[in-house]
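Student: Before anything else, here's the structure in question.
The values are calculated or read from the model by the stated rules, or taken from the named source; none is laboratory data. In this text, all values refer to a predicted model and were calculated from it rather than measured experimentally. Positions of Cβ are generated from backbone atoms using ideal geometry, with glycine treated the same way; all protein chains shown enter the neighbour counts. Please note that ligands, DNA and RNA were not included when accessible areas were found on the heavy atoms of the full protein model with its side chains. Shrake-Rupley method; radii C 1.70, N 1.55, O 1.52, S 1.80 Å.
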Amino acid sequence: MDFTLSEEQTMLQDSVRRYAERDCELETRRALIAKGGFDAKRWSAIAEMGWLAAGLSEQHGGFGGGLLDEAVLLEEVGRGLVPEPLRDCGLLPARLLAAHEDLLAPLLAGEVVYAIAHGEEAARGRASWVEARAERSAGNYRLGGRKTRVLGGAAAQRFLVSARLAGDADATEGLGLFLVERGSAGLNVRDYRLVDGTPACDLEFDALELPPSALLDAEAGAAIAGLMQDAAVGACAETVGAMEQAIWIARDYLRTRKQFGVVIGSFQALQHRMADCHMALEQARSMLYRALSFVDGDASARAVAISAAKAQVGRSAQFVAAQTVQLHGGIGVTDEYIIGHYFKRLLVLEASYGNSAFHLGEVARSLREAA
């Protein structure tokens, strides 16, 4: 697979980088987080730049891109520490709504914010595990259950909710996708922010009544499973970008901070730690490229490649996050210095769409089955 960026991908990369440099500096980020982590005007501006349609075909209002285009975009989002939930409220919902033009259009225009409510506490990273159920009731659907850690959910006006129409909790078949409006009777929403300021929420359905038109897909299990794999790749790309920038920030600090009359970057032990960080970054980048090379390959091989990438990228992220903060000393953990924000973001990304331990277990399971 050729990873040389096309002219369009280079333009996309440059536009995100310019936006991050101009509108995502530390003070702007801190002010946005203090207000809840989301600003409607900023979201509309992002929509106008076309980023929300980066992974859609031209037929569906996009630019004919794919997962590689999304990875290019998200790597720059991670590098620039862009606070908006582009992946969770833009790229991923757009994929699910590609066949619903009336719902997709306001998303791409930045007029309506969607969030995907799929994860549950008992799932522990498994994409097929859904206990929330939708039962027929007088021609409607009655939804019950809970969804946890809905990324971007605190900013969303609409939720794309997975619920079981039939089958056991771990079955891929019988999984439906419903459209639920915030404020619906029977929907309880608890908004909060993650440690890095990302808006999120938990949902509880108390006999929530939905009309038949709310069911967008009666067999959404395969689509959701594939989407969660793509989300893991997107999280890897964002992590690689954030790790790289964290390392550059640490390098610049080592070049200016002095102890005993010399810059601490001259200390060999710290040079070795920076080299270790760089090796961890390149390991993560290589595994991301490998996962992207399987984008059109065999489904089982693709799943293993993505899990292997998420496991390595997560482990690299933990190492780089810890080392770059420690290289700064006490200032590294303060809210007034940027490296602490990268540290928190890397921790959230590592835990998103299955942490490194979960995905390492998935790789081990595939090896046992193949033996």
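Student: Regarding the chain, what is the average projected area of its C-alpha convex hull, in nm²?
Tutor: Average projection, Cα convex hull of the chain: 19.3 nm².
Student: Tell me, how many Å apart are the Cα centres for region 9-63 and for region 205-225?
Tutor: Each part's Cα centre sits 29 Å from the other's.
Student: Rounded to the nearest 10 Å², what accessible area does ASP276 show when all protein chains are kept and the probe is 1.4 Å?
Tutor: Accessible area of ASP276: about 70 Å².
Student: Just to make sure I understand: if all protein chains stay in place, what is the order of SER213, SER6 by accessible area at 1.4 Å, largest first?
Tutor: The residues order as SER213, SER6, largest area first.
Student: Further question: Pop the C-beta distance of SER184 and GLU121 into the FRET formula with R0 = 30 Å and round what comes out to the nearest 0.05.
Tutor: Taking R0 as 30 Å, the efficiency between SER184 and GLU121 is 0.85.
Student: For the chain, with all protein chains present and a 1.4 Å probe, just round the carbon and sulfur fraction of the accessible area to a whole percent.
Tutor: 52
Student: Determine the per residue accessible area of region 198-324 with all protein chains present and a 1.4 angstrom probe, expressed in square angstrom.
Tutor: For region 198-324, the per-residue accessible area is 42 Å².
Student: Across the Cα atoms of region 4-115, what radius of gyration and what greatest pairwise Cα-Cα distance (Dmax) are found, in Å?
Tutor: Values for region 4-115 (Cα only, Rg and Dmax): 13.6, 40 Å.
Student: Ranking request for peptides 215-225, 179-189: highest mean number of other beta-carbon atoms within 10 Å first, then the rest in descending order.
Tutor: So the peptides 215-225, 179-189, ranked by packing, come out 215-225, 179-189.
Student: With runs of 4+ DSSP H residues as the only contributors, calculate the mean residue ellipticity of the chain at 222 nm using -39,500 (n - 2.57) per run, divided by the residue total and rounded to the nearest 500.
Tutor: -16500 deg cm²/dmol
Student: Once the mean 1/r over all distinct Cα pairs of region 213-371 is inverted, what Kirkwood radius in angstroms do you read off?
Tutor: Evaluated on region 213-371, it is 17.1 Å.
Student: Could you list, in their original order, any pairs among LYS258/LYS310; LYS41/LYS310; LYS35/LYS344 whose Cα atoms are separated by more than 30 Å?
Tutor: LYS258/LYS310; LYS41/LYS310
Student: Next question, about the same structure. Just the C-alpha atoms of region 19-64: what Rg/Rh do they give, with Rh taken as the Kirkwood radius?
Tutor: For region 19-64, the value is 1.12.
Student: Go ahead and set up a Gaussian network model of the chain, Cα springs under 10 Å, then flag whichever of ALA138, ALA214, ALA99 fluctuates most.
Tutor: ALA138
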